[in-house]
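Below you'll find the structure, written out as structure tokens, and then a few comments.
The values are calculated or read from the model by the stated rules, or taken from the named source; none is laboratory data. Predicted model, so just to flag it, every value in this text is computed and none were measured. Cβ atoms come from the backbone with ideal geometry, glycine included; neighbour counts cover every protein chain shown.
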Amino acid sequence: MYSYETTFAVLKLSLKWYVMRRVSFLPLLVILVLVVTTFSCSSAKTESSKQKEAQRGEPCIVEKVIDGDTFECYSESIGSVKVRLIGIDTPESRYNKKLERDVQRSGKDAQEIIRMGRAAKEFIKSLLPKGSKVYLEFDVQRMDKYGRLLAYVWLENGKMLNQVLLEEGYAQVYTIPPNVKYEKEFLDAQRKARQEGKGLWGEF
């Protein structure tokens with residue numbers, strides 16, 4: 001697309017040509033009005049788009065899914081960052097210390113938990129393909145003790161990823177104060193998924 005400077009330089013030369021030849025200015029005025037109108041509309045649309053993105057949250061481009069509730073993305077203002085979904089928890093998809101704690105707490109077999117965790121990971125991967133754009137909404141506390149960015153993640157379709165995972169039964173509510181903004185919505189989503197035996201609830 002031509003810049004303002006290039007466009008008005010052309011118009012200036014055209015004006016000079018019209019003056020030298022004493023031709024009617026009407027065609028030139030029509031062209032000038034069209035050019036100004038086009039640039040104004042384009043500028044307004046760009047500004048409107050930026051305002052809408054700001055309302056949705058911090059835009060971030062997905063780089064890699066780590067597990068059912070954690071992924072990496074790139075933001076122009078933040079850089080590459082590891083994002084942990086606020087208010088939910090999915091089963092572990094690999095052996096680690098948390099898996100050991102979950103085995104003791106739930107009484108379930110480690111392999112069973114890993115199988116459910118991998119199912120949750122595959123589900124989130126289907127929603128977060130590499131290169132897709134998401135929007136990060138923050139709560140009171142932005143970082144956890146592991147250095148991960150804590151966020152409510154909005155998809156391009158306007159749905160919140162955190163809540164979608166609960167609605168489809170691939171996560172459980174796991175709210176830690178002070179980040180409790182959507183706790184009620186999350187509990188309602190989990191209750192409904194459990195009643196309908198969705199996702200991992202059908203495995204219990």
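Observations on the structure shown:
- Looking only at the stretch 77-89, and only at residues there that are in a loop (DSSP other than H, G, I, E, B) and at pLDDT 95 or above, the one that is nearest to the chain's Cα centre (by Cα): Ile86
- All of (1) among the hydroxyl-bearing types (Ser, Thr, Tyr); (2) touching a residue at least 40 places away in the same chain (Cβ under 8 Å); (3) crowded, with 19+ Cβ neighbours inside 10 Å hold for Ser93 with one exception: (2).
- Candidates Leu161, Leu166, Leu155, Leu150 - the one that is crowded, with 18+ Cβ neighbours inside 10 Å, over 24 Å from Arg115 (Cα atoms) and assigned by TED's automatic domain parsing to the domain that holds Ser75: Leu150
- Val140 vs. criteria in a loop (DSSP other than H, G, I, E, B), over 17 Å from Asp89 (Cα atoms) and hydrophobic (A, V, I, L, M, F, W, C): yes
- Hits in the stretch 154-186 (condition: touching a residue at least 12 places away in the same chain (Cβ under 8 Å), part of a loop (DSSP other than H, G, I, E, B) and farther than 18 Å from Cys60 by Cβ): Glu168, Gly169, Tyr170, Ala171, Tyr174, Thr175, Pro178, Val180, Lys181, Tyr182
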